[in-house]
Amino acid sequence: MTGTNPFQIPMQPRNLRSHSLPSPHVRVWDAPTRLFHWTIVSLVGCSWYSADQGLMTLHLWSGLILLTLLLFRIAWGIVGSTTARFSDFLHSPSTVIGYLKALMSNRKPLYVGHNPAGGLMVAALITVLLAQVATGLFANDGVRFHGPLALWVSTDISDRLTQLHGLVFNAILLLVWMHLVAVFFYLLVKGDNLVKPMVTGYKHRHHLPQQLNLKFVHWAIALVVLAAAAGVVGWILL
């Protein structure tokens, strides 16, 4: 007859697992939004370099791809994942001002995606980039190159839009500089790395509010939206 050892620790069945703590990182950005972000960065650099070096064919293709992606982003801001939607990050002026005041008073309200100031920057960048591409369609270099729609307007209008094309680029440079300043401010002052989540898609939980309600749209929908945006650009050029 075998007795029970009072010092023996009961073994848990192997099919039962102890409750583990939730992952410290949470997915907040979908792949289409992240790819859009970094591709836009590359295209803006490519457009600047090609114009500076007189590589106008490359400049044209860079602008057309940029237009396609901007149209995609506008549509994705309506039908895309939670943090990609305009309804998630566009706020009233009073909310933006309140957020900035809280930020300057050593507080940092938490947002899953873009904060109110960041959302305003996204909207501003999309707007000026659209203006840049639109004016470029009608622009000319005064020598050989004409934008794909330049012949639709008079020479005088084309020349004016060419000048505006250059001025808008200065606005883009200003917004990019402001964006970089904000990124370094959050990193060095607030200890919040904004770049890494836009690469990996994940944020640490301590940079997020407690209540999360995120929905992600399948990447196949993004491909359909991108194809539709490309179709619109092709139709414009016909």
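Any read-out appearing in this document is the output of simple, stated calculations on the displayed coordinates, not a laboratory observation. In this text, all values refer to a predicted model and were calculated from it rather than measured experimentally. A quick note on method: Cβ atoms are made from the backbone with ideal geometry, for glycine too, and the neighbour counts reach across all protein chains shown.
What the table shows:
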| read-out | value |
| --- | --- |
| Förster-model FRET efficiency, 22 Å R0, His218 and Leu55, C-beta, rounded to 0.05 | 0.05 |
| The chain, relative contact order [Cα under 8 Å, separation at least 6], % | 29 |
| Reduced Cα scattering model of the range 62-186, Debye log10 I(q)/I(0), q = 0.23 Å⁻¹ | -1.30 |
| Modelled FRET efficiency - R0 35 Å, Leu175 with Gln210, Cβ distances, 0.05 increments | 0.60 |
| Among Thr135, Thr95, Thr68, residue whose mean-square fluctuation peaks in a GNM of the chain (springs only between Cα atoms under 10 Å) | Thr95 |
| Kirkwood hydrodynamic radius over Cα pairs of the range 187-238, then Stokes diffusion coefficient at 37 °C and 0.692 mPa s, in µm²/s | 225 |
| Relative contact order computed over the range 113-238 (Cα-Cα under 8 Å; 6+ residues apart), in percent | 18 |
| Reciprocal of mean inverse Cα separation for the chain (Kirkwood radius, Å) | 20.9 |
| Per DSSP, loop trypsin sites (Lys or Arg not before Pro) in the range 56-123 with at most 15 further Cβ within 10 Å | Arg107 |
| Relative contact order (%) - criterion: Cα under 8 Å, at least six apart; region: the range 18-124 | 23 |
| Selected from Gly77, Pro24, His37, residue furthest toward positive end of dipole (the chain; charges at beta carbon) | Pro24 |
| Estimated 222 nm signal from helices in the chain, with DSSP H stretches of n ≥ 4 weighted -39500 (n - 2.57), rounded to 500 | -20500 deg cm²/dmol |
| Assigned charges on the beta-carbon of Lys, Arg, Asp, Glu; the chain dipole about Cα centre (debye) | 1120 |
| Positive-end residue of Ile65, Gly142, Pro116, charge dipole of the range 55-157 with Cβ unit charges | Pro116 |
